[in-house]
Amino acid sequence: MTAVEREEKDRERVASLYEYEKTAKEEGFDLVAGVDEAGRGPLAGPVAVAAVILPFGLYLPYLNDSKKLSEKRRETLFDMIKEQATAYSVVFVDRETIDRENIYKATQNGMYDAVLKLNPAPQKVLIDAMPLDKLPVPSLSIVKGDAKSASIAAASILAKVTRDRFMKEIDAVYPEYGFKNHKGYGTKAHIEAIKKYGPCPLHRISFEPIKSMVGR
């Protein structure tokens, strides 16, 4: 396959990711936001939540769910999305909020914050998996939306890259935990470090096995 053929195939694939946006446009909504998060599962660090409004049909090469992309490709798309989006916002939900409210509620509230920070405001919102019933505009929750909607895929990339960069920076403050390698996820090396050094201020004490460690 030639480079031209590969690009044409990718353009067709990316175009297919605008089906939900196309439906919204047919309903009369021109400004459609996608919302996604990164970092619900880790034992440490914040959750990053992003909301993005893309120009309808914008071609972003290799756009996809952030988990399916290499770090290099995510970084390239991160810059392209920020340059070409109609609007975007990224917010952090800190560890204290996660422990106080629980991860689901904290993430949901972060999604509301991200959407409300968009300027211009969206007329409809597409969300990866989580319902946002209290928004002042229509919304649609889509299971595995980051692989089905261009707007949600773009949000997943902004959230993932922003969070990964933060975890790399915080590694310099707490190098003993290896945050730059595992980004706070519960790898064997990370759990061993927590057992050895105890949790730091970034660790979610409502998450196991940290909760049991602190309890002891």
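Specify the residue that is farthest from the chain's Cα centre (by Cα); the eligible residues are those in segment 118-130 that are under 11 Å from VAL35 (Cβ atoms) and outside any strand (DSSP E or B).
Selected residue: PRO122.
Would you confirm whether or not segment 138-145 contains a residue that is surrounded by fewer than 15 Cβ atoms within 10 Å (Cβ to Cβ), of a type outside the set (D, E, K, R), assigned to a loop (DSSP other than H, G, I, E, B) and in contact with a Lys or Arg (Cβ under 6 Å, 6 or more places away or on another chain)?
Yes, the conditions are met somewhere in segment 138-145.
Just one of LYS180, LYS211, LYS168, LYS160 is more than 28 Å from VAL35 (Cβ to Cβ) and either β-branched (Val, Ile, Thr) or in a helix (DSSP H, G or I) (or both); which is it?
LYS211
Conditions (1) surrounded by 14 or more Cβ atoms within 10 Å (Cβ to Cβ); (2) free of Cβ contacts under 8 Å to residues at least 24 places away in the same chain; (3) farther than 20 Å from GLU169 by Cα, marked per residue:
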{"residue": "ALA15", "(1), (2), (3)": "no, no, yes"}
{"residue": "GLU27", "(1), (2), (3)": "no, no, yes"}
{"residue": "LEU54", "(1), (2), (3)": "yes, no, yes"}
{"residue": "ASN64", "(1), (2), (3)": "yes, no, yes"}
{"residue": "GLU75", "(1), (2), (3)": "yes, no, no"}
{"residue": "MET80", "(1), (2), (3)": "yes, yes, yes"}
{"residue": "TYR88", "(1), (2), (3)": "yes, no, yes"}
{"residue": "THR97", "(1), (2), (3)": "yes, yes, yes"}
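Inspect all residues belonging to segment 179-194 and state whether any of them is basic (Lys, Arg), out of contact with any helix residue (DSSP H, G or I) (no Cβ under 9 Å at 6 or more places or on another chain) and exposed (fewer than 15 other Cβ atoms within 10 Å of the Cβ).
For segment 179-194, residues basic (Lys, Arg), out of contact with any helix residue (DSSP H, G or I) (no Cβ under 9 Å at 6 or more places or on another chain) and exposed (fewer than 15 other Cβ atoms within 10 Å of the Cβ): present.
Got a number for residues in segment 62-107 being in contact with a Lys or Arg (Cβ under 8 Å, 6 or more places away or on another chain) and either among the β-branched types (Val, Ile, Thr) or under 20 Å from LEU31 (Cα atoms) (or both)?
So the count comes out to 6.
Every residue, every condition in (1) in a helix (DSSP H, G or I); (2) over 17 Å from ALA159 (Cα atoms); (3) out of contact with any Pro (no Cβ under 9 Å at 6 or more places or on another chain); (4) not charged (D, E, K, R), yes or no:
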position	(1), (2), (3), (4)
GLU5	yes, yes, yes, no
LYS9	yes, yes, yes, no
ARG13	yes, yes, yes, no
LYS22	yes, yes, yes, no
ASP30	no, yes, yes, no
ASP36	no, no, yes, no
ALA51	no, no, no, yes
ARG74	yes, no, yes, no
PHE78	yes, no, yes, yes
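Inside segment 81-106, can you point out the residues that are out of contact with any Ser or Thr (no Cβ under 7 Å at 6 or more places or on another chain), closer than 19 Å to ARG165 by Cα and of a type in the set (Val, Ile, Thr)?
Selection gives ILE81, VAL91.
So which of LYS160, LYS68 is touching a Ser or Thr at 6+ places or on another chain (Cβ under 7 Å) and of a type in the set (Lys, Arg)?
LYS160
Please work out which one of (1) assigned to a loop (DSSP other than H, G, I, E, B); (2) over 20 Å from the mean Cα position of the chain (by Cα) is the condition LEU58 fails and give its number.
Unmet condition: (2).
Before we move on, is MET167 of a type in the set (A, V, I, L, M, F, W, C) and out of contact with any strand residue (DSSP E or B) (no Cβ under 9 Å at 6 or more places or on another chain)?
no
Every number here is computed from the coordinates shown, using simple stated rules; none is lab data. Source: prediction; values computed, not measured. Note: ideal-geometry Cβ built from the backbone for every residue, glycine included; neighbour counts use all protein chains shown.
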